[in-house]
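The values are calculated or read from the model by the stated rules, or taken from the named source; none is laboratory data. Keep in mind it's a predicted model, so treat the numbers as computed, not measured. Cβ atoms come from the backbone with ideal geometry, glycine included; neighbour counts cover every protein chain shown. Side chains are part of the model used for accessible areas, which takes the heavy atoms of the whole protein and leaves out ligands, DNA and RNA. Shrake-Rupley method; radii C 1.70, N 1.55, O 1.52, S 1.80 Å.
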Amino acid sequence: MARVAGGVGCSHVPAVGAAIDKGRTEEPYWAPYFAKLDRARRWIAEVDPDVCIVVYNDHASAFSLEVIPTFALGLADEFPPADEGYGPRPVPVVQGHPELAWHLAESLILDEFDITLVNEMPVDHGLTVPLSVMFGQPEAWPSAVIPLCVNVVQYPPPTGHRCYRLGQALRRALDAYEGDERVVVFGTGGMSHQLQSERAGFINVDFDTAFLDHLVDDPEAVATIPHLDYLRDAGSEGIELVMWLVMRGALGPRVREVYRATHLPTSNTHNGLLILEEES
Ligand SMILES: [Fe+2]
């Protein structure tokens, strides 16, 4: 049985990756944000996961608008950083865990989650920025990674409820695995932000704070938030927060908040970082 050592909720702001890659983390704009990461990096170094399951969305890097899977699981040996228009990020190639990934695919599909199987896939900032946030700039990522993509780019995305249930199914799959890997589940994206139209730059700290509070203590209620509420209260890209519900679903009903950091702004986003462990 794989052991779920914790969950990480983490924004995946591209500018954070650029600040790391270009050595700007000590600049006045960025230093206060990066100072908040030390505690999170110590936590994951102590946990030392064998595998990180990173729930993220592809931003038209691996999937164009021709094919848009709602849920897609990466089964490959490795996943190269995607070229997002300025060349690939100078980060290590992500090493997969095909044995566990295939087990998850079988378990999830037989559990009636119709996952798209992906054997070849570049991974963009949605996945690599949270790795950089948590691990810094290592020569090689210290953990294998299984990418789990969720469509939140093209309407209609899955509901928060479906994402929460997917997380619970993921947990059943991990519990049934023969290996004893330590696993950390990442839910990425968010928090409130809007990149386009009249409300570009929209941020709602009250919504984000309530979301984080209730994600910890009442996830079933958070799972009922409808798309329209995300759009109105968290901006058009705030819907990315449904991916945090996959992470929360993979943890047990009662969790302990190990660490929370928020920062305003990074780029045009209210940035969130949340670490949870199961209550023992
Ligand atoms: Fe995103």
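With unit charges on the beta carbon (Lys/Arg positive, Asp/Glu negative), name the residue among Pro122, Gly87, Asn57 whose Cα is farthest towards the positive pole of the charge dipole of segment 47-127.
Gly87
Sorted by mean Cβ packing within 10 Å, highest first, what order do the peptides 34-40, 14-20 take?
Final packing ranking: 14-20, 34-40.
For segment 37-183, build the convex hull from the C-alpha positions and give me its volume per residue in Å³.
With only Cα atoms used, segment 37-183 gives 119 Å³ per residue.
Magnitude of the Cβ-charge dipole of segment 1-85, K/R +1 and D/E -1, about the Cα centre, nearest 20 debye?
Around 460 debye, computed over segment 1-85.
State whether segment 125-212 is rounded, prolate or oblate according to the following rule on the C-alpha gyration tensor (a ≥ b ≥ c being the square roots of its eigenvalues): a/c under 1.5 gives rounded; otherwise a/b larger than b/c gives prolate, and the remaining case gives oblate.
oblate
Take Glu178, Glu112, Glu277 and sort them by solvent-accessible surface of the protein heavy atoms, 1.4 Å probe, largest at the top.
Most to least solvent-accessible, the answer reads Glu178, Glu112, Glu277.
Would you mind working out the magnitude of the charge dipole of segment 63-180 relative to its Cα centre, with +1 at each Lys and Arg C-beta and -1 at each Asp and Glu C-beta, to the nearest 20 Debye?
480 debye
Using a 1.4 Å probe on the protein chains only, how many percent of the accessible area of the chain belongs to carbon and sulfur?
On the way: 6040 of 11920 Å².
On the chain, the fraction of accessible area on carbon and sulfur atoms equals 51 percent.
Evaluate the charge dipole of the chain about its Cα centre and quote only its size in Debye, nearest 20, assuming +1 on the Cβ of each Lys and Arg and -1 on the Cβ of each Asp and Glu.
600 debye
With contacts defined as alpha carbon pairs under 8 Å and 6 or more residues apart, what's the relative contact order of the chain in percent?
30 percent
Could you provide, to the nearest whole Å², the per residue accessible area of the chain with probe 1.4 Å? The partial results should precede the final answer.
On the way: 11920 Å² over 280 residues.
Result: 43 Å² of accessible area for each residue.
What's the percent breakdown of Cα-Cα distances in the chain across 10 Å bins, shortest bin first?
Pairs per bin, as whole percents: 7, 32, 40, 19, 2, 0.
Please report, ordered by residue number, every helix of the chain (full DSSP H runs) that is 15 Å or longer along its axis going by C-alpha atoms and whose mean Kyte-Doolittle hydropathy reaches 0.5.
Values: long enough: 98-110 (18 Å, 0.75); 160-175 (23 Å, -0.80); 205-217 (18 Å, 0.42).
Going by DSSP H runs, the hits are 98-110.
With unit charges on the beta carbon (Lys/Arg positive, Asp/Glu negative), name the residue among Leu241, Thr266, Phe207 whose Cα is farthest towards the positive pole of the charge dipole of segment 198-280.
Comparing the listed Cα positions along the dipole, Thr266 ranks first.
How big is segment 66-126 by Rg and Dmax over its Cα atoms, in Å?
Over segment 66-126's Cα set, Rg and Dmax evaluate to 13.0, 40 Å.
Once you have the Cα-Cα distance between Asp217 and Ala60, take 0.36 nm times their residue separation minus that, and quote the gain in nm to one decimal.
53.1 nm
Which of the peptides 97-107, 60-70 is most tightly packed, and how do the rest follow, judged by the mean count of other Cβ atoms within 10 Å per residue?
Answer by packing, highest mean first, reads 97-107, 60-70.
In sequence order, what are the phi-derived ³J(HN,Hα) couplings for segment 258-265 according to the Karplus relation 6.51 cos²θ - 1.76 cosθ + 1.60 with θ = phi - 60°, rounded to whole Hz, with x for glycine and proline?
Couplings: 7, 7, 9, 9, 10, 8, 9, x Hz.
When only Cα pairs under 8 Å and 6 or more residues apart are kept, what is the percent relative contact order across segment 141-280? Walk me through the numbers on the way to the answer.
Numbers: 220 pairs, mean separation 44.4, N = 140.
Over segment 141-280, the number comes to 32 percent.
Which of the peptides 160-167, 262-269 is most tightly packed, and how do the rest follow, going by the mean number of other Cβ atoms within 10 Å of each residue?
Ranked from most to least packed, the peptides come out as 160-167, 262-269.
Would you mind getting me the FRET efficiency between Asp38 and Glu278? Use the beta-carbon distance for r and R0 = 30 Å, nearest 0.05. Can you show the working numbers first?
Numbers: r = 24 Å, r/R0 = 0.79.
The calculated FRET efficiency here is 0.80.
Defining a contact as two alpha carbons under 8 Å apart and six or more residues distant in sequence, what relative contact order in percent does segment 52-95 show?
Dividing the mean separation by the residue count of segment 52-95 yields 31 percent.
Starting from the Cα of Gln196, step 7 Å toward the Cβ, then list every residue of segment 223-251 with an amide N under 12 Å from that point.
Label zone hits: 236-237.
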